[in-house]
Structure formats: structure tokens, C-alpha cells
1. All but one of (1) in contact with an Asp or Glu (Cβ under 8 Å, 6 or more places away or on another chain); (2) not in a helix (DSSP H, G or I) hold for TYR95; state the number of the condition that does not hold.
2. Pairs, please: C-beta under 8 Å, at least 6 apart or cross-chain, first residue outside any strand (DSSP E or B) and in segment 61-90, second among the aromatic types (Phe, Trp, Tyr) and open to solvent by less than 10 Å² (accessible area, probe 1.4 Å)?
3. So VAL54 fits all but one of (1) open to solvent by 50 Å² or more (accessible area, probe 1.4 Å); (2) closer than 22 Å to ARG13 by Cα; (3) at pLDDT below 95; what number is the exception?
4. Hey, can you tell me all the residues within segment 173-184 that are open to solvent by 80 Å² or more (accessible area, probe 1.4 Å) and within 11 Å of TYR102 (Cβ to Cβ)?
5. So the check is Cβ under 6 Å with 6+ separation or different chains; which pairs have a first residue in segment 93-117 that's over 12 Å from LEU185 (Cβ atoms) and charged (D, E, K, R) and a second one that's open to solvent by less than 40 Å² (accessible area, probe 1.4 Å) and in a loop (DSSP other than H, G, I, E, B)?
6. Pull out all pairs, ordered by first then second residue, where Cβ-Cβ is under 7 Å, the residues are six or more apart or on different chains, the first lies in segment 120-137 and is more than 13 Å from ALA106 (Cα to Cα), and the second is surrounded by fewer than 16 Cβ atoms within 10 Å (Cβ to Cβ) and at pLDDT 75 or above.
7. Identify the residue in segment 1-49 that is among the small types (Gly, Ala, Ser) and either within 26 Å of ALA89 (Cβ to Cβ) or touching a His at 6+ places or on another chain (Cβ under 7 Å) (or both) and, among all such residues, is surrounded by the fewest Cβ atoms within 10 Å (Cβ to Cβ).
8. So which of VAL141, VAL152 is loosely packed, with under 14 Cβ neighbours inside 10 Å and either modelled with pLDDT of 75 or more or part of a helix (DSSP H, G or I) (or both)?
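The values are calculated or read from the model by the stated rules, or taken from the named source; none is laboratory data. None of the values given here were measured: they were computed from a predicted structure. Here Cβ is always computed from backbone atoms with ideal geometry, including for glycine, and neighbour counts include all displayed protein chains. Just so you know, the surface numbers come from the protein's heavy atoms only, side chains and all, with ligands and any DNA or RNA stripped out. Shrake-Rupley method; radii C 1.70, N 1.55, O 1.52, S 1.80 Å.
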Amino acid sequence: MTIAVVGTGRTGRLITDALLARGADVVVVGRDEGRCGAVAADYADAVKAGTMRVCVAVDWAEALTGVRVVVNAASPFADTVKPLFAASASVGAHYLDVSNHYDTAAWVLAQDAAARAAGIAASPAVGFGTTVTDALAALVVAEAPDVIGLHVAMDPGVDGRSAGAAASARGLLARGGARLVAGELESFALGRH
């Protein structure tokens, strides 16, 4: 099975490393020719062995042709989720992303009918911060069933993160906070609740 990792930054490379270590065939897709060239050079052995190829996406669907799974690690996700989901559906590839953004995750979940029609699974927010905070919230609720409210905050610090993650965090902070109240998304000023 061929898996496409969309993103040439830190997160994309971590995912690529894990997939190659498990013997997967990987296509790394990026938007910047220079960064794609650097990835190809850094993974020259895998490219030579034929277990990996690197391409610059001019047309997402063309770049994803022949892959079975797409992992979107290219931020800002507000710019990449919609076109990558559409391209994934058009080529019949399952779609995953590592976004921590409620808006983009909600958008992907709202595409259920389109995903079913394309015969694919679409799973947003499958890694890192979202998974940890959701697991923590589930544990708190399981251990304290009488809880009637739970506030979960994520530190938007960028130490050790990629430039793309930092750009996404800045964009989210500029908009203020967001929370779910009775199933509805509500905006609020940061620092107050």
C-alpha cells in the first residue's frame, strides 16, 4: 500500500520516518520545490530503493494518484484541508490529517456523505495535541462521572514545533478562543471564560 505524506516540514518528516521504518511505500508531496528537493536528498536511500518518491504538487489529485492513504501534515490547515480532502476523494484515497483546529476538523466530519460516496474514510485531527487532550478529557469524565463541565486548554507554544505549526498557532490565537457549549461552537476572548 502506498501512503502519501503531504508536508515536508518537521511533522511530515516524523510521519515519513515512522512509515518507512514500518516498511511502507511512501510518497512525500509538498508545495515548495526547494523543500521537496531537500527531502529527496535526505531520504536518498529510500528513494533509490524505490520505497519512497518525492513530488511537488501542482495538481493535488495528480500527485495523489495511486496512493491508498493521504496523511495531511501541511499547515496552515485552513489552506490545505479542503483541497486535499477533495483530491483524496477524487482518487479514492483515505484522508487523515494532524490538524488541531476545530474548524477544519468539523469541516472534514461534515463531509461524511462525500467520503462515503467516494468509498473512503476521512479522519481529521488524528495526532499529537488533539489525541492527547481528547484522551485526557475522556479519562477525567470516566473517573468523575458527575462532572458537568470541563475546560481543556492547549499551550500554543512553538518551542520545537515546525514553522507551519507556529503559523497555524498564530492564526488561531488571533481569532480568540473557541469552545463547545451544548454542541455549538462559541467564540470567546482569550484570558476570559
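1. Going through (1) in contact with an Asp or Glu (Cβ under 8 Å, 6 or more places away or on another chain); (2) not in a helix (DSSP H, G or I) one by one, TYR95 breaks only (1).
2. Note: pairs meeting the criteria are LEU84/TYR95; PHE85/TYR95; SER88/TYR95; ALA89/TYR95.
3. (1)
4. Those that are open to solvent by 80 Å² or more (accessible area, probe 1.4 Å) and within 11 Å of TYR102 (Cβ to Cβ): ARG175, LEU180.
5. If the second residue must be open to solvent by less than 40 Å² (accessible area, probe 1.4 Å) and in a loop (DSSP other than H, G, I, E, B), the pairs left are ASP97/PRO124.
6. Note: pairs meeting the criteria are ILE120/GLY92; ALA137/LEU150.
7. Top of the filtered list is ALA18.
8. None of the others qualify; the one that does is VAL141.
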